1. Quick one: which of S163, S153 is of a type in the set (S, T, N, Q), under 26 Å from S238 (Cα atoms) and at pLDDT 95 or above?
2. Residues to consider are L273, L248; find the one that is within 22 Å of A172 (Cα to Cα) and not β-branched (V, I, T).
3. State all residues of the range 38-59 that are touching a strand residue (DSSP E or B) at 6+ places or on another chain (Cβ under 9 Å) and more than 21 Å from E12 (Cα to Cα); if no residue qualifies, say none.
4. Which pairs turn up if I take residues in the range 121-149 that are outside any helix (DSSP H, G or I) and look for partners that are surrounded by fewer than 14 Cβ atoms within 10 Å (Cβ to Cβ) and modelled with pLDDT of 95 or more with beta carbon separation below 9 Å, at least 6 apart in sequence or on another chain?
5. Out of the residues in the range 102-128 meeting the condition of being touching a Lys or Arg at 6+ places or on another chain (Cβ under 9 Å) and at pLDDT 95 or above, tell me which one is farthest from T234 (Cα to Cα).
6. Does any residue in the range 175-190 that is closer than 16 Å to A118 by Cβ and at pLDDT 95 or above come within less than 7 Å, Cβ to Cβ, of a residue that is among the polar types (S, T, N, Q) and part of a strand (DSSP E or B) six or more places away or on a different chain, and which pairs are these?
7. When you scan the range 195-244, how many residues do you find that are in a loop (DSSP other than H, G, I, E, B) and more than 19 Å from R134 (Cα to Cα)?
8. Of all residues in the range 13-60, how many are outside any strand (DSSP E or B) and under 24 Å from S198 (Cβ atoms)?
Amino acid sequence: MHDVPRSSAAVERAAGLAGPGATVQGIRALAGGAHACTYLIRTANPEQEFILREFPPGDEAARDEARVLAALDGLDGLAPRLRAKGVSGERPGWSWLLITRLPGVADITPGQPSVWSAQLGEALGQVHGTAGHRLAGFPSVFGRLEGSLAAVSGPAASTVAASWDLLAGASAVLTHYDYWSGNTVWERGALTGVVDWSGGAVGPRGFDVGWCRLDLYLLYDEHIADVFLDSYQTASRSVLADVRLWDLWAVTRSHQIVESWVPNYRDLGRADLTAKELRKRHNAWTDRLLS
């Protein structure tokens, strides 16, 4: 994470969007995120706030997120809106997006984990309820490496491979693609939005559900993961069949990379989740599912 943005053009654009007399009053780097550098930009005259996301050379996430946000059009307040996009003049190859700021901040250390996880389920139910006409042109999760059988590894890989037709044949919805607690924002204990939409795609419900349940097990335990599932099913008015299989797909997709998530958890207040601890919990969840 850099303390200041790489592109002055993005900062100037934020001031221009705020109004003809606006000036930039402050820029603050925000924690979280595995690839993009994210900043909060505040203006005065008038007072407004924007989120700037900068992406390194070769990263197509800026293009993808711009397309997704334009299609979602705010998702009834649950997603940010795209305001501008461009490339850095100071650092060739870097690209950037300016988006609206959703109220609140990331929070993976709640005072009431059960209440918190229930809200995660409700929000995902709303995401998955997005009207199909908004999804025209969206890619399929199965067309990406992470959603392919080639990404499956670990002790549960054979189980997932044997059921691949069932996974691939499930009905499709709007899939966030990286729905975990760190990609949501909160204010006064209430979930106010879902961020980081660069992976938005069409895919089965269980793709997001299993991924978030894995995150909740790593953070807490199976009970918190089950609270999320119950809330999701109530909000979506549907029962997710074969939950264990979707959970197994999540652990096989993450088997080789779970240790790399240390910075994401650490930057949001969970320094106890070291590489060793994440591997221990990941193994425990895998064993529990296989048993």
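The values are calculated or read from the model by the stated rules, or taken from the named source; none is laboratory data. From a predicted model like this one, the values you see are computed outputs, not experimental measurements. When we count neighbours, we look across all protein chains shown, and the Cβ atoms used for this are built from the backbone with ideal geometry, even at glycine.
1. The match here is S163.
2. When all the criteria are applied, what remains is L248.
3. If we filter the range 38-59 for residues that are touching a strand residue (DSSP E or B) at 6+ places or on another chain (Cβ under 9 Å), which is where we start, we get 38-45, 47-57, 59.
Passing the criteria: P57, D59.
4. Short answer, once both residue conditions are applied: G129/R237.
5. Going through the qualifying residues, I end up with T109.
6. The qualifying pairs are W186/T192.
7. Looking only at the range 195-244, we keep the residues that are in a loop (DSSP other than H, G, I, E, B), and these are 195-200, 220-221, 237-242.
Narrowing the set further to residues that are more than 19 Å from R134 (Cα to Cα) leaves 220-221, 237-242.
So the answer is 8.
8. Qualifying residue count for the region: 14.
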